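Here is the structure we will look at, set down as structure tokens.
Each reported figure results from applying straightforward, stated rules to the coordinates on display, with no laboratory input. The structure presented is a predicted model; accordingly, all values stated were derived computationally and were not measured. Heads up, the Cβs are rebuilt from the backbone with ideal geometry, glycines too, and the neighbour counts pull from every protein chain shown.
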Amino acid sequence: MLILPILVSALAFSAPATAAVSPAAGSADSFALQASRVHVGDGRVIENGVIVVTDGAIRSVGASAPEGLSVRKVDGEIAPGFIAMRDATGADSENNETTRKFTPTADVARAFDPHHPAWAHLVSEGITTVVMTPASDRIAGGLDAIVSPATGEIVKRGVALHLGMSSRSISNFVEPTSYAGLYAHLDRHFADAADGSPFAQARSGATRVMMEALSKNEVARAVAFAKQYGLTGAIIGAPEAGDQVDLLKSSGLGVVFEPLDAGDRADVAESAKALRAAGVPFAFASDAGTHGPAAMRMTAATCMRRGLDAQGALAAMTKTAADMLGVSASHGTLEVGKVADFVVWSGAPTDLTSRATHVFAGGKLVHESERSSSHHTHR
Amino acid sequence: MISILTTLLLAPALQGPALLASSALFEHPSEAPLQAPLQATTRKGSQAAKADGDAPKNSWSVFADKVYTSTGSTLENALVVITDGKISAITPGASANDDSLKATTLTAGLIDASAPIHLGFESVEQSSEVTPSISMEYGVDPFDPRWERLVRSGVTTAFVPPLNRNVVGGLGILLKTAGPETLEGRALEGAEILCGAIGGLPSSGNRPASGTPNTFYNRRPTTRMGVEWEWRKALFDAAQAPAEGAGKDVDILQDVLAGKIAAFIQAYPTQDIRTAVFLKEEMQREGFGEIRLVIDGAAEAWREPDLLVRSGAAVVLPPMPGQGRTVDQAFMAANTAKVLQDAGVPFALSANDARTEPLGIQAGFAMRGGLTREQALRAVTITPAQILGVDSRVGTLEVGKDADIVLWNGEPFEVTTRAIGVLVDGVLVVDPR
């Protein structure tokens, strides 16, 4: 896996705050925390589990810590940091090349401002990894990038070719103005893809695609298009995916649900349960810019209200998301060797009444809830 | 079966090339099927495909006091037997079986020759004013709830043209209104038909409101003259282009000039109907070809019926407007259909998306304007089937045809009569029981 630590976390943030949970003993780069529960993220839950972090990576997860390393007890449950599958909050529209519908090689990582104040709000909701995407109204707006908003690290560039295949990408003022025109362009780009271009990479399977599609009709077309060109990746949108389970399952594509607002219809919420039952992978977008930083958690909770089990909700925000992005070797669960991105929740991680009391990214404390102690965080 | 063609052959006004053109209109060019529909499947579609045992029942018998066949005959106390989606027997003077569906009257499923069940602005590619190869397979949504409304009104086949914002908008699509939620599951192979418009709509909105024009609208036509010029230029260029290798758009326009693809042109007021006819005649005069012309939305067709007879064009009338005026400020008289009937112009009625008065009521309006019930019935069944090139499959109640049948609770097209049951391809879509 390609990890490009473009920005060293130390540049963006000073040393971890000396808060209540900072290392008290042992190696300067090692610490151990014990929580009432540790959610590994692969379904395992360790009661009174201990997580040991060394040099920003997880060294062990289990019942105890190595000898000589003091264990700090925290009040709450530890879970992997959440992965938001679409958010460009901190891009300030720099992810939207409005003059063109096709900018397939545009690198969204270049729209990432690690110091943008909006990121801190996402981190405070337990989100440690974000997929930055081009704007939804482009057709091939560029290449998605995985970033760590708390550390400023660019985790992976060019993770997926982002394709807008919904009505949002159809304009009244520039070509194309129709689905027929949209697909004619896409067809031309994929059929005539030059070697090494993102379209050719997507056809060969070297690059994933993230295909935005909303109505059942749009989803059916996107799936057919993916089959035609052998594309792998996910559909973003698909609020009525629950009606198209067989189609989605046969396609091998995953689904990324958009945030639900309180008054939204129940389709998405029920779709999540249906996809879970069928074994179709799904994750969530956060879109904090339009829905607020807690939108992803709220959406997962709404899905739980409509029958999705807590484990399924947690997986969608952690392991499944990492799998869909191809970064499960480093992200998504609390397993040995993975990046130490995790959150101490005041209760169950998928419970809306829980607060993220402490957020660690790359093994460093990057957020501490003001109510969790008398200390203030460095941010 | 008395066909419209026979009627035309008897009409003395129809001599020479115009007659040839109009007879070509009703042939079924086997080389011109609809474009291969999208390979999309849906939950219901894929389930139906994989589990044959779950396929919907498509064999029934239907008994009615009176069966209007659209072939000129009306049968009393008739039993219609449907086997595997096709009509297998029609027996007058019969009695109902125990398990027969029952209705007061039956007609063939209605056919709307101009049903805009499309995605509106997203159905037409406005970045160019002439887009012949844009296909409506991308402009319709099989999940659209308007299909259900249409089928509940008794319409079982619909032709969907693109929105009228382009001069040459693209190839329309012909679909059954019920069945699998996929285009491939619903498409009917008929005549290939290129759609476009003449009149005020393709040029509307083409002026920048203020400031520097920065969109494609500022080079599009802003007048009726400009719209007609676009048509003429596109056809002229196609006539001059080499027969092979000039691209999909030119190929389609060449097929229009060769009469293989019908030109379905929207024109509401007299001046636009004239322009469509003059365009056809100009192409004929110049030796470019014989256009098979269908004039859609021809609200003012009643004003100059002789012109239509001369042109050999078929006509699709718009729904009767509430205040007398259609778009483009055309005035549609109550007896428009009657005038066309008397002149011998083949015409179909249409009803938009059935949100207001459905197609059956449009037929009722036409009767109020002077048509007999039989004539009105033909205008919503066999005539549109002929115009669309699918009269071998739909449009009448005859043995061997698709079992698209409407069960009415009274005489069809009366305001107090309702479609209580609808069968599409032998599947009971609206259940009368």
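Packing-based ranking of B:85-95, A:298-308 yields A:298-308, B:85-95, ordered from highest to lowest mean Cβ neighbour count within 10 Å. Label positions at A:Arg110 and B:Glu184, each projected 7 Å from the Cα along the C-beta direction, are separated by 4.1 nm. Peptides A:72-82, A:329-339 ordered by packing proxy, namely the average of other Cβ atoms within 10 Å per residue, highest first: A:72-82, A:329-339.
Think of the protein assembly as shown as a dipole: +1 on every Lys or Arg Cβ, -1 on every Asp or Glu Cβ, centred on the Cα centre; then among B:Leu110, A:Gln244, B:Thr383, A:Gln244 lies furthest on the positive end. Could you give the dipole magnitude of the range A:82-325 about its Cα centre, charging the beta-carbon of Lys and Arg +1 and that of Asp and Glu -1, in debye to the nearest 20? Charge dipole of the range A:82-325: 480 debye, to the nearest 20. Could you tell me how far the Cα centroid of the range A:287-316 sits from the Cα centroid of the range B:246-312, in Å? A separation of 57 Å, based on Cα centres. Taking the charge dipole of the range A:82-325 about its Cα centre, with +1 at Lys and Arg Cβ atoms and -1 at Asp and Glu Cβ atoms, the residue from A:Leu260, A:Ala288, A:Ala118 reaching farthest to the positive side is A:Leu260.
Report, in debye and to the nearest 20, how large the dipole of the range A:100-231 comes out about its Cα centre when Lys and Arg carry +1 and Asp and Glu carry -1 on their Cβ.
Working: 13 positive and 12 negative charges, 56 e Å.
In debye, rounded to 20, the range A:100-231 gives about 260.
Checking a compactness column here: for the range B:75-192, what do you get for Rg(Cα) / (2.2 N^0.38 Å), N being the number of residues? Don't skip to the end; give the middle numbers.
Working: Rg = 18.1 Å, N = 118, 2.2 N^0.38 = 13.5 Å.
Computed over Cα atoms of the range B:75-192, the ratio equals 1.35.
In terms of overall dimensions, the protein assembly as shown has a Cα radius of gyration and Dmax of 32.1, 110 angstrom.
Looking at the P(r) of the range A:187-230, how many percent of alpha-carbon pairs lie beyond 12 Å?
Numbers: 573 of 946 pairs.
Tail of the P(r) past 12 Å holds 61 percent of the pairs.
Ordered by packing density, taken as the mean number of other Cβ atoms within 10 Å over each peptide's residues, highest first, how do B:115-127, B:238-250 rank?
Details: B:115-127: 22.9, B:238-250: 13.6.
So the order, starting with the most tightly packed, is B:115-127, B:238-250.
Counting Cβ atoms of other protein chains within 10 Å of each Cβ in B:123-133 and taking the mean gives 4.
For the segment A:214-220, counting C-beta atoms of other chains within 10 Å of every residue's C-beta and taking the mean gives 6.
When the range A:82-325 is described by a simple charge dipole with +1 on each Lys and Arg Cβ and -1 on each Asp and Glu Cβ, the residue from A:Ala150, A:Thr99, A:Ser215 located farthest towards its positive end is A:Ser215.
Just the Kirkwood number for the range A:82-325, please: inverse of mean 1/r across all distinct Cα pairs, in Å, one decimal.
Every distinct Cα pair counted, the radius reaches 17.6 Å.
The mean number of Cβ atoms from other chains found within 10 Å of a Cβ in peptide B:165-176 is 1, as a whole number.
Expressed as cubic angstrom per residue, what is the convex hull volume of the alpha carbon set of the range A:128-221?
Working: hull volume 10.7 nm³, N = 94.
It comes to 114 Å³ per residue, whole-number rounded.
I'd like the distance separating the alpha-carbon centroids of the range A:130-158 and the range A:192-252, in whole Å. Each part's Cα centre sits 18 Å from the other's.
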